[in-house]
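S.K.: Got a structure for you, written out below as structure tokens; questions coming shortly.
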Amino acid sequence: GVRLEYCPRLWTLLDGVQLVRRAVRRRSRGPARDDCALNGPVEGLHDRTAVTHSPGRRGVLRELAREMSGWVAFPDYGRGWVCRAALRTQSLIRRFRPHVVVSSGPPHTAHLAAGMALMRSRVRWLIDLRDPWSGPLPSIWQSHRILGSRTFRVLAPRLEALAFRAADGVIANTPQLLEALVPKYPAVPFVCVPNGIDAASLPSPACDPYPGLGIAYGGMLHNGRDLGPVVRALRHFLECHPDAARAGSKLRVAGPAERLHAHAFRQAVAATGMEPYVETLGVLPRAQALRVVSRSRLAVVLAQQQERQVPAKLYESVAMGVPTLVVAPAGRAAAVAGQ
């Protein structure tokens, strides 16, 4: 009973810049050094290029490069899509005459598309935030080349305020995010609707679990997510229980990783000598990734730098009956949800 409308995005200036950068990298260093998942290439938006200059000049150039990157990538990775989506949404509204339009992000350009489509319309509009928009952002994001730029810090709060005040209400998915937004927008109606999972979309309990202690992490490594503590803890466990090592215990990781996070993970594995006990599966279709989790005896959810967000993976592993370890600061949203 659900109708899906697909609206492809157009190429943008940033796409052209990235195409040139990848071509230059391939000529100078070869394809093996391109953005990578833990065991293969993946499209990346958050890589960094090192250039050697004097310390003072290097700082100025780095700041200039960040601002230029923030400008051509603003407002987020939905660029090139927002205007087409607004026109498509406007056409759908005229045809189907809905009672309510809900825009869900990130990418938060979805709210801009909905706002433009609903100009001079009486249809109710709700904004659904799966992550914070302009802030407050976790401290780790201050170094992000887009979210940490002055362009984002100046323009994103204005876009957020404009959309919030035009909408009929805003939905946050954690109480912590709700508490941060209400004082900023006292006149805006807010409500908290937490994440969840439809059990019918999950695989049945696995009858062929992995041997030994099978640990699964499914998801992206970015924004402060660090598997290093998990690798070191598994090494300690296997040293105390060599029979578990002989039984085939492994940490299995599925999903993409930003360049620096992939490098840090590989370093942690090499430093602990855990190569035989770590398996990287790359980017898998959702059904296969869930199958990996269902066959494991422990699922790991990382939320080290996510103060007001709860990764949706937490609900999947719990609903499948897989014991789940949440790695997050005490008192933060993911830790509270895990408890």
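S.K.: Hand me the list of helices (runs of 4 or more DSSP H) wholly inside region 278-339 holding 1 or more residues that are of a type in the set (S, T, Y) and within 24 Å of N173 (Cα to Cα).
M.R.: Answer list for region 278-339: 313-319.
For (1) within 17 Å of A216 (Cα to Cα); (2) of a type outside the set (D, E), each residue gets a yes or a no:
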| residue | (1), (2) |
| --- | --- |
| E258 | no, no |
| A271 | no, yes |
| P276 | yes, yes |
| L298 | yes, yes |
| L302 | yes, yes |
| A319 | yes, yes |
| A330 | no, yes |
| V336 | no, yes |
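S.K.: Just a yes or no: is a residue in region 282-299 surrounded by fewer than 18 Cβ atoms within 10 Å (Cβ to Cβ) and under 17 Å from L325 (Cβ atoms)?
M.R.: There is at least one residue in region 282-299 that is surrounded by fewer than 18 Cβ atoms within 10 Å (Cβ to Cβ) and under 17 Å from L325 (Cβ atoms).
S.K.: Next question. Kindly state which strands (runs of 3 or more DSSP E) lie completely within region 151-250 and contain at least 3 residues that are in contact with a strand residue (DSSP E or B) (Cβ under 9 Å, 6 or more places away or on another chain), in contact (Cβ under 8 Å) with a residue 12 or more places away in the chain and small (G, A, S).
M.R.: 214-218
S.K.: Quick one: which of A254, A271, A330 is open to solvent by 60 Å² or more (accessible area, probe 1.4 Å) and at pLDDT 95 or above?
M.R.: A271
S.K.: Looking at region 105-133, which of the residues that are open to solvent by 40 Å² or more (accessible area, probe 1.4 Å), free of Cβ contacts under 8 Å to residues at least 40 places away in the same chain and out of contact with any helix residue (DSSP H, G or I) (no Cβ under 6 Å at 6 or more places or on another chain) is nearest to V170 (Cα to Cα)?
M.R.: P106
S.K.: When you check I140 against the structure, is it open to solvent by 40 Å² or more (accessible area, probe 1.4 Å) and either at pLDDT below 75 or part of a helix (DSSP H, G or I) (or both), yes or no?
M.R.: It is true that I140 is open to solvent by 40 Å² or more (accessible area, probe 1.4 Å) and either at pLDDT below 75 or part of a helix (DSSP H, G or I) (or both).
The values are calculated or read from the model by the stated rules, or taken from the named source; none is laboratory data. What you see is a predicted model, and the numbers here were worked out from it, not measured in a lab. Heads up, the Cβs are rebuilt from the backbone with ideal geometry, glycines too, and the neighbour counts pull from every protein chain shown. Calculation scope for accessible area: heavy atoms of the full protein, side chains included, ligands and nucleic acids excluded. Shrake-Rupley method; radii C 1.70, N 1.55, O 1.52, S 1.80 Å.
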